[in-house]
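Only one structure is covered here, and it is reproduced in the block below.
What follows is calculated from the coordinates using simple rules that are stated; it is not laboratory data. Model, not experiment: these values are computed from the prediction. Every residue, glycine among them, receives a Cβ derived from its backbone with ideal geometry; neighbour counts consider all protein chains shown.
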Ligand SMILES: Cc1cc2nc3c(=O)[nH]c(=O)nc-3n(C[C@H](O)[C@H](O)[C@H](O)COP(=O)(O)O)c2cc1C
């Protein structure tokens with residue numbers, strides 16, 4: 001695949017075939033991802049690829065705790081509810097996804113079901129939990145580095161025929177993930193990425209999210225023309 005095919009073709013995948021992902025393929029994809037730049041080449045990241053019973057236990061624990069109303073306990077600082085333009089963009093992608101899945105905005109049950117799918121990591125065969133060294137906590141640079149590597153990860157997956165969605169929901173109940181993925185005490189959980197072979201018959205997988213026009217996000221200073 002050409003670079004443009006990957007960058008322009010990739011989209012978040014939320015429906016997966018019931019098909020295991022070979023470890024060698026994951027190794028290859030993670031190897032590509034780790035070509036990401038990092039501050040002073042510190043490479044503070046760790047990847048915990050979780051599948052099978054361990055992942056099912058995470059899904060179950062996440063679901064139970066969320067249904068029981070256990071407050072979120074992420075290990076990185078979180079924003080509150082979005083408002084203004086950020087809320088508008090958040091809502092726009094939700095509308096696109098719900099339209100694709102034929103979920104009416106008024107249908108609270110099906111919306112809740114969709115949210116629960118997210119806590120189950122969209123029933124993906126693999127979840128890659130991305131962590132960084134605890135010794136670099138209280139410093140936003142390692143988090144920046146993890147963002148870079150996760151972006152490489154989802155694009156590398158796409159280039160090899162896999163689909164992925166970065167899934168903040170999946171690590172909201174971090175003690176569950178920590179226990180069943182066996183995260184060592186000297187690592188902080190950053191996020192997880194649900195991954196697998198994309199289903200062709202899952203409408204949300206075809207949703208192409210919008211982007212702000214380049215001229216809205218860039219300012220040029222000191223250019224002649
Ligand atoms: C930090 C982060 C957390 C995310 N968490 C979720 C999530 O919990 N559930 C979900 O469905 N998508 C999640 N996403 C995916 C975004 O919704 C998605 O990337 C965005 O809407 C753009 O769509 P695209 O990836 O298809 O281009 C997350 C993305 C990022 C970067």
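What percentages, rounded to whole numbers, describe P(r) for segment 160-225 computed over all alpha carbon pairs with 5 Å bin width beginning at zero?
Once binned at 5 Å, the Cα pair distances of segment 160-225 give 3, 11, 14, 13, 11, 13, 12, 9, 7, 4, 2, 0.
Between residue 106 and residue 42, what's the calculated FRET efficiency when r is the beta-carbon distance and R0 is 45 Å? Round to 0.05. It would help to have the intermediate numbers written out before the result.
Values: r = 49 Å, r/R0 = 1.08.
Taking R0 as 45 Å, the efficiency between residue 106 and residue 42 is 0.40.
In Å³ and rounded to a whole number, note down the convex hull volume per residue for the Cα atoms of segment 46-143.
On the way: hull volume 14.4 nm³, N = 98.
Roughly 147 Å³ of hull volume per residue.
Over all Cα pairs of segment 112-225, how is the pair count split among 10 Å bins, expressed in % and running from 0 up to the last occupied bin?
12, 34, 31, 16, 6, 1
Kindly give the semi-axes, whole Å and largest first, of the ellipsoid equivalent to segment 1-61, taking each as the square root of 5 times a Cα gyration tensor eigenvalue.
Working: eigenvalues 122, 75, 28 Å².
Taking √(5λ) for each Cα gyration eigenvalue gives 25, 19, 12 Å.
Starting with the highest mean, order 209-218, 26-35 by the number of other Cβ atoms within 10 Å, averaged over the residues of each peptide.
Working: 209-218: 8.5, 26-35: 16.4.
Those peptides, ordered most packed to least, come out 26-35, 209-218.
In whole Å, what three semi-axes, largest first, describe the equivalent ellipsoid of segment 95-138 built from its Cα gyration tensor (square root of 5 times each eigenvalue)?
Working: eigenvalues 203, 33, 18 Å².
The three semi-axes for segment 95-138 are 32, 13, 9 Å.
Cα convex hull of segment 92-179: mean projected area in nm², to one decimal? Before the final figure, lay out each step's value.
Details: hull surface 30.9 nm².
Dividing the Cα hull surface by four gives the mean projection, 7.7 nm².
Taking the Cα atoms of segment 65-107, what is the range of coordinates along each of the three principal axes, in descending order and whole Å?
Between the extreme Cα coordinates on each principal axis of segment 65-107 lie 32, 28, 15 Å.
Over the alpha carbons of the chain, what is the largest minus smallest coordinate on each principal axis, giving the biggest first in Å?
59, 44, 37
Just order 7-13, 197-203 by mean Cβ neighbour count inside 10 Å, highest at the front, would you? Each step should come with its number before you reach the end.
Details: 7-13: 16.3, 197-203: 14.6.
Highest mean packing first, the order is 7-13, 197-203.
Counting only helical runs of four or more DSSP H residues, what would the 222 nm mean residue ellipticity of the chain come to if each run contributes -39,500 (n - 2.57) and the total is spread over all its residues? Walk me through the intermediate numbers first.
On the way: 8 runs with 95 residues, N = 225.
My calculation for the chain gives -13000 deg cm²/dmol from helical runs alone.
Springs between alpha-carbon atoms under 10 Å, Gaussian network over the chain: tell me which of 191, 73, 174 tops the mean-square fluctuations.
Of the options given, 73 has the highest mean-square fluctuation.
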